[in-house]
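In what follows, a structure is listed as structure tokens, so that the remarks can point back to it.
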Amino acid sequence: MADRGVRAGLLLARLHAPVHNGEWWREKLEGNVRRDADTEAHLVRLGGVPLRLWEHEAVDAAVGKVVGALASRGHPRALRVLGGTVPASR
């Protein structure tokens, strides 16, 4: 999931409201934050593991987050990458 709500929340918290159409922008960004929170909650209910990967984040760090999340779910390749044990086949 590409989560833009965090960015919208950061914009609301750190920036001054735009001079033109300020109320519209505030409502739009707040709506984006709510929508993305709802989407994340839905993914969790389905058993997903939402991750936050930032465009300014180093690729190795982003890959590490993904591999770590997969390993925490028992994914064999991710466990091998991290040097863990692979669960026996059922």
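The values are calculated or read from the model by the stated rules, or taken from the named source; none is laboratory data. Just so it is clear, the structure is predicted and the values come from calculations on it, not from any experiment. Ideal geometry is used to build each Cβ from the backbone, glycine not excepted, and the neighbour counts take in all protein chains shown. Remember, those area values only see protein heavy atoms, side chains included, never the ligands or the DNA or RNA. Shrake-Rupley method; radii C 1.70, N 1.55, O 1.52, S 1.80 Å.
Which one is surrounded by the most Cβ atoms within 10 Å (Cβ to Cβ), of the residues in the range 47-72 that are more than 21 Å from Gly83 (Cβ to Cβ) and among the charged types (D, E, K, R)?
So, considering only residues that are more than 21 Å from Gly83 (Cβ to Cβ) and among the charged types (D, E, K, R), the one surrounded by the most Cβ atoms within 10 Å (Cβ to Cβ) is Glu57.
For Ala88, indicate whether it is part of a loop (DSSP other than H, G, I, E, B), at pLDDT below 90 and not β-branched (Val, Ile, Thr).
So Ala88 fits the description; yes.
Name every residue in the range 1-46 that is part of a helix (DSSP H, G or I), hydrophobic (A, V, I, L, M, F, W, C), open to solvent by 50 Å² or more (accessible area, probe 1.4 Å) and modelled with pLDDT under 80, in order of residue number.
Leu10, Leu11, Leu12, Ala13
In the range 22-47, which residues are closer than 30 Å to Arg73 by Cα and either in contact with a helix residue (DSSP H, G or I) (Cβ under 9 Å, 6 or more places away or on another chain) or of a type in the set (Phe, Trp, Tyr) (or both)?
Asn32, Val33, Arg34, Arg35, Asp36, Ala37, Thr39, Glu40
Report yes if some residue within the range 67-77 is of a type outside the set (Lys, Arg), assigned to a loop (DSSP other than H, G, I, E, B) and modelled with pLDDT of 85 or more; otherwise report no.
Yes: one or more hits.
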